[in-house]
1. For residue 46 and residue 67, compute 0.36 nm times the residue count separating them, minus their Cα-Cα distance, and round to one decimal in nm.
2. Please order 62, 130 by the number of other Cβ within 10 Å, starting at the fewest.
3. For the range 1-99, how big is the tail of P(r) above 18 Å, as a whole percent of Cα pairs?
4. Looking at the chain only, what percent of DSSP beta bridges run antiparallel? Nearest 5 please.
5. Expressed in whole Å with the largest first, what are the equivalent ellipsoid semi-axes of the range 2-204 derived from the C-alpha gyration tensor as the square root of 5 times each eigenvalue?
6. Measuring from centroid to centroid over Cα atoms, what is the spacing of the range 45-61 and the range 129-174 in Å?
7. From the P(r) of the range 97-205, could you give the percentage of C-alpha pairs in the tail past 18 Å?
8. Explain nothing, just the number: relative contact order of the chain, from Cα pairs under 8 Å at least 6 residues apart, as a whole percent.
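No value in this document is a laboratory result; all are computed from the given coordinates. From a predicted model like this one, the values you see are computed outputs, not experimental measurements. As a convention, Cβ positions derive from the backbone with ideal geometry for all residues, glycine included, and neighbour counts pool all protein chains shown.
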């Protein structure tokens, strides 16, 4: 079983969302790879509709998108973490989302892969749920199977999420956000559980 984690933050170091993603991947005990989206050159989608006409994206000849596509094809499951930038995903991740349209148009290449989402924000109410909604709708559009965390129904949320701001208004990093860490671990466990069940079903079939 191979699980790909994509950190959608422009930050290459000291990224809170990357930290939570690493916790989720560690919890899977599977073959995992963490990809920093900021390490890749991804051009904007130009709306040329080459992919609609079943042709390769012309931008892929000039950037790293084909490398990311190959990584995703090998995955049984995908987890994307993204910080909240003005209540949505960062531009670098949106470029990836837009450009991966070709994977849908060229025979639904991401269909049936299990998907989970994580996020972190600066403010206590800083757009976390909107970020998760953007990521989950992206996965649904690709035909992926979206799962959430299963923890205490009165303590843990359905996805890994947190904020730099505490309830008291002071500041911290994700390293000290126990609920965010636990939520990320629970999501990782759920992703690997559902993926395992699906692979078992394929063997029996």
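1. Contour length minus the Cα-Cα distance gives 5.6 nm.
2. 62, 130
3. Everything past 18 Å amounts to 50 percent.
4. Antiparallel: roughly 10 percent of the beta bridges in the chain.
5. Ellipsoid semi-axes (Å, largest first): 28, 21, 14.
6. Taking the Cα centre of each part, the range 45-61 and the range 129-174 sit 32 Å apart.
7. Percentage above 18 Å: 57.
8. It comes to 24 percent, rounded to a whole number.
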